[in-house]
Structures are given as C-alpha cells and as structure tokens.
1. Counting other C-beta atoms within 10 Å, which of Thr259, Thr176 has the fewest, and how do the rest follow?
2. Under the 0.36 nm per residue contour assumption, what length would be gained going from the current alpha-carbon distance of Ser257 and Asn168 to full extension?
3. Reachable aspartates and glutamates from Lys291, Cα under 19 Å, same-chain residues fewer than 8 places away excluded?
4. Take the alpha-carbon positions of the range 157-290, form their convex hull, and give its projected area averaged over all directions (one quarter of the hull surface) in nm².
5. Please give the length that would be gained between Gln122 and Asn287 if that part of the chain were fully extended, namely 0.36 nm times their separation in residues minus their C-alpha to C-alpha distance (nm, one decimal).
6. Can you tell me how the range 172-227 classifies by the Cα gyration tensor, rounded, prolate or oblate, using a/c under 1.5 as the rounded cut?
7. Could you work out how far apart the two model spin labels at Lys271 and Gln137 are, taking each label as a point 7 Å from the Cα in the direction of the beta carbon, and quote it in nm?
8. With no solvent and one equal point scatterer per Cα, compute the Debye intensity ratio I(q)/I(0) for the range 54-194 at 0.18 Å⁻¹ and report its log10, rounded to two decimals.
Amino acid sequence: MRTSTKTKSKVVVTQKKKTIKRPRTTKTFKTIQEFKDKIKAVTDLSNKKLVIKHITPDSLLSFLFLAGINRPVILPHIKRITKSIKKLGVIRPVIIARLSFIEGVEGHYIIDGQHLFTACLQLNINIPIVYITIKDQRELVEAIALLNSSSKSWTMKDYIRAWGSIYNDYKVLNKTADKYNMDVRFVANVLRDTGGASASSAPFIKNGTFKIVNKTKAEKYLKQLDDAFNIIPRLNRWENRTMHEVLYDIMRTDYYSHTKLLAFLRKEKNKLILATGDRDTLRTFFNKAFKK
C-alpha cells in the first residue's frame, strides 16, 4: 500500500531559531491564496495561515508515498522537474498530511508533490513542505484529485484508481473496461444503466459517486457489443466509441434482435466503412438489420 523515503538527520524548519539558510534554488511559495482556494473544499485550512517548513535532504523524518491511490512516480517526470528546479528554483511546496487511518499508525504521507520531493532529494537541496489536515479516506482521495488536477489533469484512469482504493464499484468498472477493451466512460454509462451518448458518467467518476445499477444487465449488453465487434473491423478510438454508443442505444430498444444484427453485420460489414463517424448515419445503417 505504501512506499517510504527515509533520510538521516533532524528536521530543520524555518520557524526555529537555529535554522539553515534556504538555498538559492528554493523560492518562497507566492500564491498562498490561490493554493488555499484550491484545497478549501477538502481541508480545514480556510481560516488558517499556511506555514511552509523546509526539511534537509538528510532528515530522519520518514515520508510515505500513497502507492495505489496517487499516481506512480515516473522517472522522466522527475528529470523534467529536476531541470526546472535548476533553472527556476522550487516554486511550490510538497503537500504532506499526517494520517493514521491508512495502516493504523500515524505516518507522514505525501499528498501532492512526490516527483518534486524525489527531485529535491536527488539535487540534495532543502524541501519546502506544507502540512494539511485530512479527516478520512474519502477526503484524502478528494484532496489528491483536486491538488493533482490543478497542476496536471488527471485521466479517467487516475480517478478510477484513486476512488477504487475505497469503493469496489470503481474496481469493477476498471476491470470491465479492460475485459471488453472499451472506453471506460462508455462502460461506466452501461454499468449505470444510462444511454450510450445521452449521458456522461465523467462527473460521477470524478467526484466519487459512481455506482453500478445493474451489473448483470450491463454484462449482457457489453457481451452483445463484443460479439458485434468481433465482426466489425476495429477502427480508430473515436469511431469505435461512437459505434458502441449508437449500437448500445439500439440494443435497449424493444425491436432489437441480436441474431438479426449479427447476420446483418456479417453480410454488410464492408459497407460499414462508409457509414462511420456520423451518429445518424450509423443509426440508419444498423437499423436496416431489423427492417422486414
């Protein structure tokens, strides 16, 4: 669940009388109000002044990475941050929270800035940190999502991985999308029992409220779509998703016949290339399978 990074001497903070000077590569965090606004919804910092501490690279304090919830540490990203620090200095702090609900004992967890933290260690420079308060695991995921997306947008997979650490429905969503090799937002619509193109599950995925309505029913539709796409030639991602949405909406009608659709596709699949891209054209094409 976690990985840790340990260093070797006492923590040095700027509030103590005996402090070390900040290296020239480290700048003061300038946008306190902007930072407060970003995390106000998920922390209790709205009425507190943020205090930036600086720890030395050889500190004894152990910091933990939230493996399985936060993004994995990627070497190329560390290299980019290292290059940026050398040119511009450290212009934002690493966000830390003391959490005891992860493993039953209190630990200092990096909520945001794990790549920055690692880059500072590699450069052997002081690390600016800010502590925030996190009450529970749901608030933790909300904080991580908000802080990360403010600097680099999270993908749907990032949100699903993070919320999957709390809710099983997200794990099922991820597994089902991989199983059928379909766009995760579309699979989320099917699992929520909503229309293919008429509804968006993205907000529900992002805010932690995604719920599966009828898994058995969803599996039936996804299996039927998989049958169809074993006949239909795979196209680009966008066209595949559009066809999934159109076919799914047709499958939910009273007149749909799976046998008729598959027979039609086997006979007319070569004509499908001319029908791709436009929803109305696709709908007209697929509906020919059910005309007497």
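1. Numbers: Thr259 8, Thr176 20.
Lowest to highest Cβ neighbour count: Thr259, Thr176.
2. Values: separation 89, 0.36 × 89 = 32.04 nm, distance 3.29 nm.
Taking 0.36 nm per residue and subtracting the Cα distance, the gain is 28.8 nm.
3. Reachable aspartates and glutamates: Asp249, Asp254, Glu268, Asp280.
4. Details: hull surface 30.7 nm².
Result: 7.7 nm².
5. Working: separation 165, 0.36 × 165 = 59.40 nm, distance 6.09 nm.
Length gained between Gln122 and Asn287: 53.3 nm.
6. Values: a/c = 1.63, a/b = 1.49, b/c = 1.09.
Judged from the Cα gyration tensor, the range 172-227 comes out prolate (a/c at least 1.5, a/b above b/c).
7. 5.3
8. -1.05
Any read-out appearing in this document is the output of simple, stated calculations on the displayed coordinates, not a laboratory observation. These figures come from a predicted structure and were not determined experimentally. A quick note on method: Cβ atoms are made from the backbone with ideal geometry, for glycine too, and the neighbour counts reach across all protein chains shown.
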